[in-house]
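Asker: A single structure is presented below for examination.
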Amino acid sequence: MTDLTALSYTAEHEWISIDGDIATVGITDYAAEKLGDVVFVELPTVDSGVSAGQVCGEIESTKSVGELYAPLTGDIVAVNEAVADDPSLINSSPFEDGWLLKIRIDSSAPAELLDRAAYIGLTGQGA
């Protein structure tokens, strides 16, 4: 089980796990619940560059279509093909099997990331 307090979060309901210069990104359980059953995911291309705040993909559910924003600036080094093949992994395992992409970050000082307590405060969800 992932230690949710060790992750960083964005106001766009993404989680980020940083290991050295590689950031693994997914959407939170809160976002997955609000979206409903995820039926399609469009992810960026490996080796493409992304800028923090830029739309880099799309998540479609039975309720709506949402944009995926790059939380950091860098280059895409991996995407989760399992999620592309089975988007329901986002609902069933958002913090583990449902990760979306990995970014080699350009800066060691990512901006505007929240800790778990701040994210819970933002969403109004219980701990």
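Asker: Could you tell me whether GLU42 is farther than 24 Å from THR2 by Cα and within 14 Å of the chain's Cα centre (by Cα)?
Answerer: Working: farther than 24 Å from THR2 by Cα: yes; within 14 Å of the chain's Cα centre (by Cα): yes.
Answer is yes for this residue.
Asker: Would you mind finding the one in ALA109, ALA117 that is among the aliphatic types (A, V, I, L, M), out of contact with any Leu (no Cβ under 8 Å at 6 or more places or on another chain) and at pLDDT 90 or above? Full working, then the answer.
Answerer: Numbers: ALA109 fails: at pLDDT 90 or above.
Step by step, each of ALA109, ALA117 is checked, and only ALA117 is among the aliphatic types (A, V, I, L, M), out of contact with any Leu (no Cβ under 8 Å at 6 or more places or on another chain) and at pLDDT 90 or above.
Asker: Is region 58-72 home to any residue that is at negative phi, without any contact (Cβ under 8 Å) to a residue 60 or more places away in the chain, within 12 Å of the chain's Cα centre (by Cα) and outside any strand (DSSP E or B)?
Answerer: Scanning region 58-72, I find at least one residue that is at negative phi, without any contact (Cβ under 8 Å) to a residue 60 or more places away in the chain, within 12 Å of the chain's Cα centre (by Cα) and outside any strand (DSSP E or B), so the answer is yes.
Asker: Still on this structure: Would you be able to tell me the number of residues in region 29-49 that are β-branched (Val, Ile, Thr) and at pLDDT below 95?
Answerer: To start, the set of residues in region 29-49 that are β-branched (Val, Ile, Thr) comprises 38-39, 41, 45-46.
Checking which are at pLDDT below 95 leaves us with none.
Matching residues across region 29-49 total 0.
Asker: Still on this structure, I have one more. For LEU101, which of the numbered conditions (1) more than 14 Å from the chain's Cα centre (by Cα); (2) under 16 Å from GLU12 (Cβ atoms); (3) at pLDDT 95 or above fails to hold?
Answerer: It fails just one condition, (1).
Asker: Something else now. Given (1) without any contact (Cβ under 8 Å) to a residue 40 or more places away in the chain; (2) assigned to a loop (DSSP other than H, G, I, E, B); (3) crowded, with 19+ Cβ neighbours inside 10 Å; (4) of a type in the set (A, V, I, L, M, F, W, C), identify the lone condition not met by TRP99.
Answerer: Condition (1) is where TRP99 drops out.
Asker: Which pairs turn up if I take residues in region 12-38 that are part of a helix (DSSP H, G or I) and look for partners that are at pLDDT 95 or above and among the aliphatic types (A, V, I, L, M) with beta carbon separation below 6 Å, at least 6 apart in sequence or on another chain?
Answerer: ALA32/ILE90
Asker: Continuing with the same structure: Would you point out the residue of region 102-122, among those that are assigned to a loop (DSSP other than H, G, I, E, B) and among the hydrophobic types (A, V, I, L, M, F, W, C), that is nearest to ALA52 (Cα to Cα)? Even if it seems obvious, please write down each step before you answer.
Answerer: Quick first cut of region 102-122, residues assigned to a loop (DSSP other than H, G, I, E, B) only: 106-113, 115.
Restricting the remaining residues to those that are among the hydrophobic types (A, V, I, L, M, F, W, C) gives 109, 111, 113.
Values: ALA109: 12, ALA111: 9, LEU113: 11 Å.
Among those residues, the one meeting the criterion is ALA111.
Asker: Scan region 1-11 residue by residue and report those that are under 18 Å from THR73 (Cβ atoms) and either part of a strand (DSSP E or B) or not aliphatic (A, V, I, L, M) (or both).
Answerer: SER8, TYR9, THR10
The values are calculated or read from the model by the stated rules, or taken from the named source; none is laboratory data. Note that this is a predicted model, so its numbers are computed, not measured. Using ideal geometry, Cβ is built from the backbone for each residue, glycine included, and neighbour counts are taken over all protein chains shown.
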